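The values are calculated or read from the model by the stated rules, or taken from the named source; none is laboratory data. Everything quoted here is computed from the prediction, not taken from an experiment. Note: areas computed on protein heavy atoms with side chains; ligands, DNA, RNA excluded. Shrake-Rupley method; radii C 1.70, N 1.55, O 1.52, S 1.80 Å.
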Amino acid sequence: QVQLVESGGALVQAGGSLRLSCAASRSIRSINSMGWYRQAPGKQREFVAISSGDGSTVYADSVKGRFTISRDDARNTVDLQMNSLKPEDTAIYYCRAMLTTKPYWGQGTQVTVSS
């Protein structure tokens, strides 16, 4: 029902910033939950941040105060602003949309933070 494409991943120095973007193939106005997850090598995919239709946001403790999720319903995009990046933030970052309990995932974008 929706295709998601992430972009913005790159190699960045520790302490630097990066902005990821997720472009949806259809309107996201009816999608209550849009979020970002990440998966480091050899580890399970983990929750990063979620933005709900009512404007509320939820962040993982590990990124709270450093990352900011935002959505632009007019452009069908969801961004993740990442500041004060740490080497442990290195992972493939995935965009996720939840449609009536059914999740849709993007292909992921690589973020590498060097020390």
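Let me check against my output: what whole-number percent is the relative contact order of the range 41-115, with C-alpha pairs under 8 Å and at least 6 apart?
20 percent
Which far-off residues, 5 or more places away or on another chain, put their amide H under 5 Å from the one on L99, with H placed in the peptide plane?
Sorted by chain and number, the residues that satisfy this are Y104.
What list of ³J(HN,Hα) couplings, whole Hz, do you get for the range 105-115 from phi and the Karplus terms 6.51, -1.76, 1.60, once you set θ to phi - 60° and write x for glycine and proline?
10, x, 7, x, 9, 7, 10, 10, 10, 8, 9
Please list the non-local residues whose amide H lies under 5 Å from the amide H of K86, H modeled 1.01 Å from N, same-chain partners needing a gap of 5 or more.
Sorted by chain and number, the residues that satisfy this are G15.
State the percentage of accessible surface on the range 1-90 attributable to carbon and sulfur atoms; use a 1.4 Å probe and exclude ligands, DNA and RNA. Spell out each step's value before the answer.
On the way: 2190 of 4830 Å².
Carbon-and-sulfur percentage of accessible area, whole number: 45.
Per residue, how much accessible surface does the chain expose to a 1.4 Å probe? Answer in Å², no decimals.
53 Å²
Return the Cα extents of the chain along principal axes one, two and three, sorted largest first, each rounded to a whole Å.
So the extents along the principal axes, rounded to whole Å, are 41, 25, 22.
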